[in-house]
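The values are calculated or read from the model by the stated rules, or taken from the named source; none is laboratory data. Predicted model, so just to flag it, every value in this text is computed and none were measured. Glycine gets a Cβ as well: all are built from the backbone with ideal geometry, and neighbour counts include every protein chain shown.
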């Protein structure tokens, strides 16, 4: 392959089991270039090796006074010179081509692996190490590939010269044939020590690069806290350690180079002394002595390539090992399990992971009528541990969607939706107000004798589809959705295949499409129902970040955990692009690249959310004004952002990143502390905008802010890596001490004292005050827009900004109940 053909259409699948195996694989992939380089190298080295014979022939022609032989020898020397020049030129050209193409192949492999792993790469390999692998290590690997063909040509040339000398002049040829291998192998005892020193140098250089990368990334913070000189001194020490290691390594290679010069010199002295005695005795001619002497002299040149290949391998072996380590990383090492026994994931036990309306052994019913159609949501749970939920929407159905998800020993979710319906599966709007339906109209759950569980949800209105979800004890389930109107039908079979098929198409005919449905993590028991806003509270911020990455299908530190499931489909079983399209994760510190705002928001998206709507939902009005004010462009979309958005405040950067995520409009959006750097008033507006824009889409927000928690459809509290409580914020802050401690930073003693104080205040004031509906409503919604304080846990502010969120119970009376 030529340089002009780069990059490779497919760099191949490397053998990354070890460094030597990776080098061997790379050599095989470069076989064509290696053969070309070998041929030109043989022409070059054999031309050099032939010169002594031609010179010896010319000397004998002069002694014999033969002009013809002298002219012939001169012509052969001229041809040898042309061959040497042409071979050297093309050898250098092909060798450098091998170096560049090999380095390009490795860089393409690293780039592809980086794209596949995403943010998980820097969790497994330090950022500085990745930089070192993609720069210095690639260069050393390319050097070995380049030197390989030259060494092969040099080794074949040395072998040919030794055989030729034995045939040409056995008395001296035997000495050369014995001495040359000794010279070539004499440096072998020194190579292990040289390799160890080279490894140490490479290790210290990698640490220095990592330290430099981390220092540069945090330079702004270091300058702010006055730690710049401290880290500069650390880098100086690391740099000096690299220099000392490099000097020690260079000393060993200098010894090897000296041996490569000393031993051939000794061989040459012995050879000349022995040859002179043979010539004096008349056993050889002077021309033969000159030929053998010249051959041994010129063999020093190809012999130096033995030193080069040894040095190249010593430096490239640790580099190849590190490159192979990066290339061997996978998204996950463990496939998703069949499912947990119940909602606690793999840890066993009972845990509430469904809405408050779900009851064991049966189900309640609720419905709401709207102008667009009829919406029913049904759910039921069998006593045997099988839970089935069926949902119907719209009576004039033209599109039916069936979904089946098996969780544990038998949880299935089935749903069908008519085109004429309106609303979501969990909420419906009616003329009388908003109605929540958390239980179904009809749900039958039975367990058969062969340990199979069957959940059937049937509609009673003409035109509505019938959904049958069956789950078996081995973790498989079948979802069959049938509709009477023409439309599309989505079927999820065993939880591993997702697709769409037209109505009337044969069962099992599926097309590859991103899955839809509940987002479920079997390891923790976290369940985010489809189309709802779920807030997750976790006492450990690092654990929250890791869980957020797991929900997006990113590899975790521990790879023995089952895969997260979306709509019953393990994310690890999906193609990478499909998984990334279905679930988007925004971490705590999103990166803003330099460029215009329009370029920042020009991301792969569904097209359903415009940049203007996303910016409005993320409350970026002041950000747009600031960009226009600091730019020559009149349109804020044309305003230029500096690297990482350093010209903006932390809250402004966070809101732009949130707008970028909202533009993408994924099936499931996971946000990790998306409003940690904004003030409370802006945060409240962001919460409302997020809820409105993501209506009907699955959204998971990791936060401990009471403002966001109060606006979530459901709140999940994680403790010690497991779901500890599920409910609404105002319920959990009163009933769950651990949740209250995380959200309000209030200890149990402080909470008890606050309750006693509240009871004392109630006793000392008018008894009717607590029963005033207007007062109760005001107490439970006491956000003060003029306070300027934050309701977020960990911020300063009045504890009464949100009565129940502060840990003080406030009696709330429903006006409809009093009526």
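Here are some notes:
- Criterion (at pLDDT 90 or above and out of contact with any helix residue (DSSP H, G or I) (no Cβ under 8 Å at 6 or more places or on another chain)) met by exactly one of 40, 25: 25
- Members of region 1-26 found to be crowded, with 17+ Cβ neighbours inside 10 Å and assigned to a helix (DSSP H, G or I), listed by number: 19, 22, 23, 25, 26
- Qualifying position, being assigned by TED's automatic domain parsing to the domain that holds residue 182, in a helix (DSSP H, G or I) and surrounded by 17 or more Cβ atoms within 10 Å (Cβ to Cβ), among 245, 258, 250: 245
- The condition (being at pLDDT 85 or above, part of a helix (DSSP H, G or I), surrounded by fewer than 20 Cβ atoms within 10 Å (Cβ to Cβ) and in the same structural domain as residue 89 (by TED's automatic domain parsing)) is satisfied by just one residue among 148, 159: 159.
- Test for residue 109: is it surrounded by fewer than 17 Cβ atoms within 10 Å (Cβ to Cβ) and at pLDDT 90 or above: no
- Test: residue in region 226-237 that is touching a residue at least 60 places away in the same chain (Cβ under 8 Å), in the same structural domain as residue 318 (by TED's automatic domain parsing) and farther than 26 Å from residue 323 by Cβ: no
- Out of 655, 646, 697, sole residue that is in contact with a strand residue (DSSP E or B) (Cβ under 8 Å, 6 or more places away or on another chain) and either surrounded by fewer than 18 Cβ atoms within 10 Å (Cβ to Cβ) or at pLDDT below 95 (or both): 697
- Some residue of region 126-140 being surrounded by 16 or more Cβ atoms within 10 Å (Cβ to Cβ), outside any helix (DSSP H, G or I), under 21 Å from the mean Cα position of the chain (by Cα) and modelled with pLDDT under 85: yes
- Considering (1) crowded, with 21+ Cβ neighbours inside 10 Å; (2) more than 24 Å from residue 564 (Cα to Cα), the lone condition that residue 668 does not fulfil carries the number (2).
- Selection over region 695-736 of residues that are part of a helix (DSSP H, G or I) and in contact with a helix residue (DSSP H, G or I) (Cβ under 7 Å, 6 or more places away or on another chain) gives a count of 11.
- Here residue 153 qualifies as over 31 Å from the mean Cα position of the chain (by Cα), assigned to a helix (DSSP H, G or I) and at negative phi.
- Boolean, residue 120 is within 30 Å of residue 137 (Cβ to Cβ), surrounded by 18 or more Cβ atoms within 10 Å (Cβ to Cβ) and at pLDDT 90 or above: no
- Members of region 538-557 that are outside any loop (DSSP other than H, G, I, E, B) and either out of contact with any strand residue (DSSP E or B) (no Cβ under 9 Å at 6 or more places or on another chain) or touching a residue at least 40 places away in the same chain (Cβ under 8 Å) (or both): 538, 541, 542, 543, 544, 545, 546, 547, 548, 549, 551
- Residue check for residue 679: surrounded by fewer than 20 Cβ atoms within 10 Å (Cβ to Cβ) and in the same structural domain as residue 546 (by TED's automatic domain parsing): yes
- Region 55-67, subset more than 10 Å from residue 290 (Cα to Cα) and buried (at least 19 other Cβ atoms within 10 Å of the Cβ), residue nearest to the chain's Cα centre (by Cα): 58
- One residue alone among 535, 598, 608, 616 is in contact with a strand residue (DSSP E or B) (Cβ under 9 Å, 6 or more places away or on another chain), at pLDDT 85 or above and under 30 Å from residue 680 (Cα atoms), and that residue is 535.
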